[in-house]
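Report on the following structure.
Just so it is clear, none of the values below were taken in a lab; they were calculated from the coordinates. Bear in mind the structure is a predicted one, so any value in this text is a computation, not a measurement. Backbone-built Cβ (ideal geometry, glycine too); neighbour counts: all protein chains shown.
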Amino acid sequence: MMTSVQIQNLTAEQAYTALGSDPGGLSNAEAGDRLREIGANSIEIGDPWRIARSLLRQFTNFFTILLVVSAAICFAAESVQPGQSMALLGWALAGVALLNALFSFIQEYRAERAMQALRKFLPPTVEVVRGGQTQTLLADELVPGDLLLLNEGMRIPADARMVDATNLTINNAPLTGESRPVILTAGPTDSRLVESSNVAFAGCLVMRGSGQGIVFATGLRTEFGKLAHLSQALRRAPSPLEQQTAHMVRTLTIIAVSLGVTFFLYGVFSGRSLWINLVFMMGIIVANVPEGLLPTFTLALAMGSLRMARKNVLVTGLNAVEGLGATQVICTDKTGTLTLNQLAVTRLVAPLSGADLSDPQAREQMLNIALCACEVHTVDDAYRGDPLDVAIAQSLAGGAAGGGSPARVLRHFPFDVERKRSAGIGEVADRQLFAVKGAWEVIRPLLSHVGEPGQERRPVSDEALDRAEAVMTELAGAGYRVVAVAGREQPGEVPEGIAQDELEHDLVLAGFLGIEDPIRPEVPSALERCRTAGIEVMMITGDHPDTALAVATRCGIVDAGATGEQVLTGDVLEQLTETALEEALERGVRIFARTNPSQKMKIVMALRNMERVVAMTGDGVNDAPALKAADIGIAMGKSGTDVARASAQIILLDDNFASIVAGIEEGRTVFQNIRKFTNYVLVSNGPEIIPYLLYIMLPVPLALTVIQILTIDLGTDIIPSMALGQEPAEPEVMQQPPRKRDFHLLSPGLVIHSYLFLGLLEAAWSLGLFFFVLVQGGWHYGMELAFDDPVYRSATGIALATILLMQIGNLVGRRFARHSGLDAGIFKNRLMLAGIMIQIVFSWALLYTKPLQTVLGTGPVAWYVYLAAWLGIPLIFGADYLRKRLTWRAPARRSFPEQPSP
Amino acid sequence: MIILAHDGSIYGDWVARYAIGFTAVEADRKLLVLHVAEGKVSEEIVESRFNRLGRECASLGIEFLPQVLPLGQSTYRSLRQSVPHDPQSLLICGTRVKPRGQNYLSGTVAEKLLRTHQCPVLALRVVQPGLLGHPHAMLLPLAGHLDGFLRIWPVFSRLAPFLQTVYLFRSMYVNRLRHPYLSSAHERVLKAIGYKYLAKISAEMEAQLEPLPFRTDRRVTISTDWVNDVLVLASRLKVQIMLLGVSERNLAHRVFHGAAMEKVLRDTPCDVGIYRGP
């Protein structure tokens, strides 16, 4: 590879030349030319048709197309032959289509909220030098080559190479997730562009100081812009439920249209009138399509989301309710999710012996040295500052030490990501100390002595350093975050403006602090539930691999005695190809240590490539793409940023891992319930279709009209379906493995059970009573009856009433796959009771009340005929219970994916 | 030899960064810079830019050959007459937005030059001048043509010395209406086809450059919108350049593919190099 030079490698003067600028800035004319060429400094994708296209897309699924075409046919039929209520039917179908499409559109439009949150990270106006003058411009007008002025408190509008920096300290948290400040300089550096200490990145905050930088990337080309681009352009893959619904709708649509068209043609060739054939085709299609099913899906998901909210799981996209239930892998952060995010200094360890310091004076001395390298403030009697610094101050104040006065910090050198350490000068008991605290590997080269408590300090040797390293490794291996502390006396005045490097000499290693972030008490049991539910859990953390492994072991993510083979560090991850990462995951890697948030995306994509359903947690701005790329993005409600929350489908109100598992249980229950009511609804399709087949093939009257079918599908079946959607979790819901991604809601088992078993039974009983009433009324085979003939009205009325009553038996049977359905809890489900009441009252009212008779074209029947319709309830319930007994007697237990539909 | 079509603007200087980098690893180390005197940029500015380029070339031991061409029938024709017929050379030009237009390639001089067969051509859209023409990570989206790697080689071989990572990418197109109903099994088949093609390209790459001076990775997606996939991947992988081929197929293909190319050029998060595809 050839040595190559980029902007961060140049001196300030070379940077000016490379970007065609100078200390006087660009001229306005030149800037205008560049603006035309490069475009505005905007992080939004310029696509004026995005919203319109998104809306249009909602009308391209099979179900919506089918409903729209059906509605059009209805309107055409109404114009050909008015007065048959076809227009009403057309409006009903169009309404359902529109509602479904609008709902999906609103879900998709949420992406806009993430952009609004991202926009807040960029300033509206900026100060630049142009033509030698300082000007205030709209941030959109910035171009590469502009000389940008940075001041304390401002957000950076574009990526800029610093050419002048005075105490310039930046918070890069939006990009790196690391909240510790970074000091920027104007000198050249050898590092990669994204790690350069002379580059100010868009979206980041100037915490202190001031400076000037030449803009070299604007808009979507900035690092922040790339993040924003991903947030806008990444399209969330269809959720498992969406895929399964799509499959179901397609199958039902193909069946409906094929049957409709086939029998339409049959009717045409058999000499029936076009109008009769049209009505007939409509009937077949309407009978086949469960119009009420998709709205009921939505209602069930909405009710599920309410139940989830009670478990601290806030759902922002309804499909995520079920999606969470389908989760196969959870990728979780450690801090705050598995742990309490309450750092505490729990061990103070001597550098060579590895012994815990027990002498209060020795403890106080070590904590005071560490405190010299801290920056904490007291607000309302509470410490504020970096969590680690606060933990040290609290430890010193909380009696962990000898009770002496704490160090007074005179000067602080903040934590530097590249240096991996912070430093400071403090005063302890009239002595002035210079102290450094940070990662062992960076402090080790600075040491001149090692100070074991109670002993003379000794000069460093390889042996002493190796022993200290062994102590550090052991501490990290026990799950502690390890901070090395070193210091020395600093005699005399320290010159103002002296660099940290100049002070870092002759340091004495004081020892190690073992910092612990306690595991949330409910996490181990939640992980155990994941294990029994067949869900894999992966931990992603910025911690040291040994610490990460220890925490993962304590939580139960990996077994006790797990080795480093299950850990992958960020450096290794960076170098792995996606295929190699997939192989590593197959081999059993479960912990990602020393990673940065941008690497989450790589992990998500690899898991998705392995066809796993992935839930990913995140809280930072730069977690947004990974949250969107995952099947289920889970943002932290307490510690999460607005961008993360807007990009996620689920927000954990308590940031607690255990809530995710509770949400998964709820999601699985919702899916089980969806299967139950899908099964329930499809049963009534049988008695709706068969009358049309008989009508076209035999010289018999039509047993059900289109309006009557819609009464079932969009009326009486809705509340019972919702009732099934309310059923509580079955006991074994978290003892089964997650279902596979290609598992179909409309499985062959469900189709056979719905159409060919219970559907046929309902059809047989309702048609039996239909023909009984007809024959009783004087009808004979081949005789034609007018639609307003009282005998026909009574016959079609009892057919409809029978279907409604038999749906009660079907409803109760659907409650459990294995139990009868009359088990405990039936009366707790008030919707179920309401559903049963509706079926009963409606079945009576449509036969015996004038208004419903008029609307539905029905008439009364003798009381014993209506009583016979009631016999349909025990008939369908008993037959189904017998099937359950026979089916479930043999195998003791079946895995979820193979579970038959009922 | 590397030939640079320079329009005299600062944008031309940014494109020139690539040309200088390429020339520095050429055997003859010759950089022919052509400028057509259209009158849009003053002679003094062009001269000062050329002087600076000349100094930079001299510092790198590159023979700098500037030529200011009189404007003939058109800029394109003037350039074409001066470009030598040499398949070993590479002509580099910039893709600039047309005045009052939204197009970056369609109808531009760069598009016309891409159609010339005098030598391989690379049209560059530079949006990150801070890279100074030295990209480290490249995205190479491939459409699955039989020509494979050979078509890209004249451009790729010049970029290879700077690269640390190359991502080979193929987007397997699926109709938008069909996409939601694609089975997992079918998806696997499509991905296997994509990966097989990329493996072939990778093998050809290794045969040409053994040992590879950079790391390679392969990505295949199943998509209804390859443009979005390319842009998302470019942002996600933080690549610094992507290379795209433009087709010389029929008009209908050009109309649809051309619109897609314009979208890439407009919304790209990184520099884009365009070469002539099959």
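Here chain A is scanned for GluC sites (Glu not before Pro) in DSSP loops (not H, G, I, E, B) that have at most 10 other Cβ atoms within 10 Å, and the longest stretch holding none of them is A:1-455.
Return the calculated 222 nm mean residue ellipticity for chain B, to the nearest 500 deg cm²/dmol, obtained by summing -39500 (n - 2.57) across DSSP H runs with n ≥ 4 and dividing by the residue count.
Rounded to the nearest 500, it is -12500 deg cm²/dmol.
Note on A:4-13: average number of Cβ atoms from other chains within 10 Å of each residue's Cβ is 4.
Label positions at A:Lys420 and A:Tyr864, each projected 7 Å from the Cα along the C-beta direction, are separated by 9.3 nm. Other residues whose C-beta falls under 12 angstrom from the C-beta of B:Arg80 contribute a net charge of +3, scoring Lys and Arg +1 and Asp and Glu -1.
Relative to the longest principal Cα axis of chain A, at what angle does helix A:830-848 sit, 0 to 90 degrees, rounded to 10? For A:830-848 against chain A, the angle is about 20 degrees. Multiplying the residue separation of A:Ser54 and A:Asp788 by 0.36 nm and subtracting their alpha-carbon distance yields 259.5 nm.
For the protein assembly as shown, the Cβ-based charge dipole about the Cα centre amounts to some 3940 debye (Lys, Arg positive; Asp, Glu negative; other atoms uncharged).
Below 15 angstrom from the Cβ of B:Thr216, what's the summed charge of the other residues (Lys, Arg +1; Asp, Glu -1)? Neighbourhood net charge equals -1.
In the protein assembly as shown, taking the dipole from charged Cβ atoms about the Cα centre, the farthest positive-side position among A:Ala326, A:Gly451, A:Gly95 is held by A:Gly95. Compared with the rule-of-thumb size 2.2 N^0.38 Å for a compact globular protein, the protein assembly as shown has a Cα radius of gyration ratio of 1.12. Legend: mean number of C-beta atoms from other chains within 10 angstrom of residue C-beta atoms, peptide A:226-236, equals 5. Largest mean-square fluctuation among B:Lys238, B:Lys40, B:Lys200, in a Gaussian network model of chain B whose springs join Cα atoms under 10 Å apart, belongs to B:Lys40.
Among A:Gln212, A:Ile557, A:Tyr695, which residue has its Cα positioned farthest towards the positive end of the charge dipole of chain A, with +1 placed on the Cβ of Lys and Arg, -1 on the Cβ of Asp and Glu, and the dipole taken about the Cα centre? With unit charges placed on the Cβ atoms, the residue in question is A:Tyr695.
Cα axis of helix B:10-24 to longest principal axis of chain B: angle in degrees, 0 to 90, nearest 10? For helix B:10-24, the angle is close to 80 degrees.
When +1 charges are put on Lys and Arg Cβ atoms and -1 charges on Asp and Glu Cβ atoms, the dipole computed for chain B relative to its Cα centre reaches about 880 debye.
Loop-located trypsin sites (Lys or Arg not before Pro) across the stretch A:510-577 with a Cβ neighbour count of 12 or fewer within 10 Å are lacking, with loop assigned by DSSP. Computed about the Cα centre, the dipole magnitude for the stretch A:345-493 is approximately 100 debye when only Lys and Arg (+1) and Asp and Glu (-1) carry charge, each at its Cβ.
A simple spin-label model places the labels of A:Thr136 and A:Ser270 8.2 nm from each other, with each point 7 Å out along Cα-to-Cβ. Comparing A:Leu147, B:Thr216, A:Thr339 along the charge dipole axis of the protein assembly as shown, the residue lying farthest to the positive side is B:Thr216, per the Cβ-charge model. Taking packing as the residue-averaged number of other Cβ atoms within 10 angstrom, the listed peptides A:748-756, B:164-172 run from highest to lowest as B:164-172, A:748-756.
For the peptides A:642-648, A:92-98, A:844-850, A:546-552, the ranking by packing is A:642-648, A:546-552, A:92-98, A:844-850, with the highest mean count of neighbouring Cβ atoms within 10 Å listed first.
Using the average count of surrounding beta-carbon atoms within 10 Å as a protection proxy, the listed peptides A:826-837, B:4-15, A:377-388, A:163-174 rank, highest first, as B:4-15, A:163-174, A:826-837, A:377-388. The stretch A:729-774 and the stretch A:174-221 have Cα centres lying 61 Å from one another.
For A:Trp888 and A:Ile752, a Förster radius of 22 Å and the Cβ-Cβ distance give a FRET efficiency of 0.85, rounded to the nearest 0.05. Counting only residues at least eight positions apart within a chain, or on another chain, the lysines with an alpha carbon under 17 Å from that of B:Lys112 are B:Lys98. Each residue of the stretch A:139-148 was assigned a 3J(HN,Hα) from its phi angle through the Karplus expression (A = 6.51, B = -1.76, C = 1.60, θ = phi - 60°), giving 4, 4, 8, 5, 9, x, x, 5, 9, 9 Hz with x at Gly and Pro.
Remark: mean inter-chain Cβ contacts per residue of B:230-238 equal 6, using a 10 Å Cβ-Cβ cutoff to other protein chain atoms.
Close amide H partners of B:Asp7, meaning residues 5 or more places away or on another chain with modelled amide H under 5 Å apart, are B:Gly12. Pull up the DSSP beta bridges for the protein assembly as shown and report the antiparallel fraction as a percent, rounded to 5. Given both bridge residues lie in the protein assembly as shown, the antiparallel proportion sits at roughly 55 percent.
Report the Cα centroid-to-centroid distance between the stretch A:447-489 and the stretch A:292-364 in angstrom, as an integer. So the two Cα centres are separated by 34 Å.
In terms of distances greater than 21 angstrom between alpha carbons, the cross-link table entries A:Lys120/A:Lys628; A:Lys740/B:Lys191; A:Lys226/B:Lys196 yield A:Lys226/B:Lys196. Applying 1/(1 + (r/R0)^6) with R0 = 25 Å to the Cβ-Cβ distance of B:Ser247 and B:His186 gives a FRET efficiency near 0.40. Each label was represented as a point 7 Å from its Cα along the Cα-to-Cβ direction; for B:His145 and A:Ala302 these points are 5.3 nm apart.
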